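Notes to accompany the following structure.
The values are calculated or read from the model by the stated rules, or taken from the named source; none is laboratory data. Quantities reported herein were computed from a predicted structural model and do not represent experimental measurements. Here the Cβ is made from the backbone with ideal geometry for all residues, glycine too, and neighbour counts use every protein chain on show. Only protein heavy atoms, including side chains, enter the accessible area calculation; ligands, DNA and RNA are left aside. Shrake-Rupley method; radii C 1.70, N 1.55, O 1.52, S 1.80 Å.
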Amino acid sequence: MSSNELELWREALRNHPKGLMVNVGATLGVGVILSKAPTCWVWAWLLVSLSLTVLRFTGYLVFWRALNRNAVTRWHQPLMEIGVLTSGFIWASLAWWGIPYFQGDEQFTILVILSALAGGATGTLAPLALTGTLYTLLMIIPACLQLVFIGGTDNLSLAILGAIFAWVMASTHRSNHELLARTISLARDKQDLIEELSSSTDKLTRANVNLEERVEERTKALAHSANHDLLTGLLNRRGVLQEEERSAQPGEHSLLVLFIDLDRFKQINDGLGHDWGDVALQAVASRLQECVSQLALTCAPVHCRIGRWGGDEFLLVLTGPFDEQPVCAEWIESLQRRLCEPYEAQGRILSLGACIGVAQTPFGSQLPLNQTIAWADMAAGEAKRQGRGRIVHFSDTLLQRQRRKLNLLGQLAHAHQDGSLQLLFQPLVDAKTRLVVSYEALLRWNCPGLGPISPAEFIPLAEESDHILLLGEWALQAACMQAASWPGAHPPKVAVNTSLRQLVETDRFCRFLDNLLAQSQLPASRLVIEVTESIFDEHNLTRTLETLRYLRQRGIEIHLDDFGTGYSSLARLHDFPLHAIKIDKHFVWSRDERSVAVIEGALLIAHRFGLRVIAEGIEQLEQADRLATLGVDELQGYYFGYPRPELVHNELTLQLEGTSRS
């Protein structure tokens, strides 16, 4: 045997007692569980299996003794492999005769034991490449074949899963063998290298002094590189955290963390290129160092470190007796103003800004630095959401809000499956006849453990994540299925709100709608897709237009919701394949002349473009009459009906007819 083969043989012998113990345990388990079976062949099988185990253990003792005496012969390993394969055939016989013979728990026990043996063999038989693979297959394949022969959907499914499991186990065994062989080969190479180095002791001794100096210098350089940002020279994330022990003085000082998130950095990166983005980051780092040098004159920190946390995020970690809170607050505001001042770099003026999140630990706190940084990061995120150039201090309220958000996000992930979603339907009526022309499907969520959650809270969360795709598909499916069941010769349309995130997934959205309409048998002409003015966003314009044009081609109506609140542009109405616009309720509620002018202007332009105009938020008859007089085509609001989970269209139509006559 070669040295590598000998080491594989040694590993095989080391693992052999473990395999024998598992084999004995499995055999005894089979005996106990199948002892109630009225057949003698089980006992014969147990006797043969245990007898073979005794022979294999005797062989193991002989082989191990020969290995320790360096008296290994060529027939030792084949004998052990024959024993392993024989054991595999014995287990295969149990599967072959036992699977069709037994039913229920006994049959399941055989499958579980065989699967466990196959899984264990991937490790214990890793030194034996071919033998281990064959043993693994013998554990699973006969049982799978018998399940196929028995027939039935459940058995066929188990057989397929078993075949996949056998393939995975065989592949895992092969990978384990290759890894073990490489490890042994590397260990041998390492040993050879050690021997070679030992033979060169004299040469290494003469070069030792010079080498130690070079290693020390290199170690220092590597340590500096590992703990510092190469672009700005500041501490990196690892460096900031590693200095915690040097600066932490529990019981004496407080820890103040400032998390800085730059504003308008993406515009520089996108507009001028990443090279200028690097220049901007270097300029910010330099200014931060200047500001910190002035900090000693105001807050008197015991220790201060500046770091680049990543991307356009920077970090200040201050340790000191920060009992004079107004002084620190003034310095933080001064720092924020200084960071917002223009930067002059390489003959160009760069305009940046910064949002700052602040977190402070009390005196004597044992709170870890990374936790305080996380709180400051959370506060910076909140500052970013509030707008540019904000400073937000961490608070328990912010923490509770973040925890609630994470909780809601977790629940939203499976809201489309757990029955917590519901659709409410609110009528839209013709402004002249006051008859129902459509119903808007409004999504509601009764979160398990938290109760009803306002759409104003959970819809933005879903928009931030990918959950809006599944929620939107659920709402569309539920609305179409219910609308298809509405009675009447000319049932009303159903309008469903759709997110921009859905529209930009053109292929997925269009394919889903095609399948849904075919499944629900709802005519495309009875479906209305409501979109917001976010469709005018330039970054997604091409894909959005492609989706909307496909919808119009299919005969689906497209309504622009909340008109006048977002990317308002009357000129855009001409470019998009819209059927109607919905004037936001704030213009309806307001009696201001400017609001009336907005409505009149929207009516004039929309009608010129061939679009209908819908007004929402109608709560009084006076509002309905006034808007109908102005020329609004359709009306929606509590005056005509509150959102409700179920509707009887005929009854509601009669009610609205009575309203119009009165």
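At the listed q of 0.20 Å⁻¹, the Debye profile of segment 326-477, built from one uniform point per Cα, gives log10 I(q)/I(0) equal to -1.19. The calculated FRET efficiency for the pair residue 187 and residue 55, based on their C-beta separation and a Förster distance of 30 Å, comes to about 0.40. With all protein chains kept in place, the per residue accessible area of the chain amounts to 52 square angstrom at a probe of 1.4 angstrom. For residue 592, the accessible surface of its heavy atoms amounts to roughly 80 Å² (probe 1.4 Å, protein chains only, rounded to the nearest 10).
If you sort 542, 219, 498 by accessible surface, 1.4 Å probe, largest first, the order is 542, 219, 498. Relative contact order, whole percent, for segment 474-526 stands at 50, derived from Cα pairs under 8 Å and 6 or more residues apart.
Segment 359-406 and segment 496-531 have their alpha-carbon centroids 40 Å apart. As a length-normalised measure over Cα pairs under 8 Å and 6 or more apart, the relative contact order of the chain settles at 8 percent. Taking every protein chain into account, the 1.4 Å probe leaves residue 161 with about 110 Å² of accessible area, to the nearest ten. Helix 506-520 sits at what angle to the longest principal axis of the chain, using alpha carbons and giving 0 to 90 degrees rounded to 10? Helix 506-520 and the main axis of the chain meet at about 80 degrees. Per atom type, the chain shows carbon and sulfur on 56% of its accessible surface, probed at 1.4 Å. In order along segment 429-439, the Karplus-derived 3J(HN,Hα) couplings, from 6.51 cos²θ - 1.76 cosθ + 1.60 at θ = phi - 60°, round to 10, 5, 5, 8, 8, 6, 8, 5, 10, 6, 10 Hz, and Gly and Pro are given as x. Note that segment 458-510, at 4 °C in a medium of 1.567 mPa s, gets a Stokes-Einstein diffusion coefficient of 105 µm²/s from its Kirkwood radius over C-alpha pairs.
Close amide H pairs (under 5 Å, H built 1.01 Å from N) link residue 125 with no residue at least 5 positions away or on another chain. When all protein chains stay in place and ligands, DNA and RNA are ignored, the 1.4 Å accessible-area order of 434, 69, 174, largest first, is 69, 174, 434. Using modelled amide H (1.01 Å from N, peptide plane; none on Pro or chain starts), what sits under 5 Å from the amide H of residue 253, excluding residues fewer than 5 places away? Close amide H contacts, sequence-distant or interchain: 364. For the Cα atoms of the chain, what angle does the longest principal axis make with the long axis of helix 455-464, in degrees from 0 to 90, nearest 10? With rounding to tens, the tilt is 50 degrees. Per-residue 3J(HN,Hα) values for segment 220-231, derived from phi via the Karplus relation 6.51 cos²θ - 1.76 cosθ + 1.60 with θ = phi - 60°, read 5, 5, 5, 4, 5, 5, 5, 9, 10, 7, 5, 6 Hz in sequence order (x marks Gly and Pro).
Toward the positive end of the charge dipole of the chain, with +1 on the Cβ of Lys and Arg and -1 on the Cβ of Asp and Glu, the farthest Cα among 177, 90, 335 is that of 90.
Against the main long axis of the alpha-carbon atoms of the chain, helix 3-34 sits at an angle near 80°.
Looking at segment 416-553, what % of its DSSP beta bridges pair antiparallel, to the nearest 5?
60 percent
Viscosity 1.306 mPa s, temperature 10 °C: give me the Stokes-Einstein translational D for segment 398-551 in µm²/s, with Rh taken as the Kirkwood radius over C-alpha pairs. My calculation gives 95 µm²/s for D. What translational diffusion coefficient, to the nearest whole µm²/s, does the chain have by Stokes-Einstein, given a Kirkwood radius computed over alpha-carbon pairs, a temperature of 10 °C and 1.306 mPa s viscosity? Estimated via Stokes-Einstein, D reaches 48 µm²/s. When the chain is described by a simple charge dipole with +1 on each Lys and Arg Cβ and -1 on each Asp and Glu Cβ, the residue from 370, 519, 45 located farthest towards its positive end is 45. Counting only DSSP beta bridges with both residues in the chain, the antiparallel share comes to about 65 percent.
Solvent-accessible surface (1.4 Å probe) assigned to residue 340 amounts to roughly 50 Å².
Probe radius 1.4 Å, ligands and nucleic acids left out: which of 372, 172 has the largest accessible area, and how do the rest follow?
172, 372
Rounded to the nearest Hz, the phi-derived 3J(HN,Hα) couplings of segment 524-529 under the Karplus curve 6.51 cos²θ - 1.76 cosθ + 1.60 (θ = phi - 60°) are 4, 5, 9, 9, 10, 9, where x marks glycine and proline.
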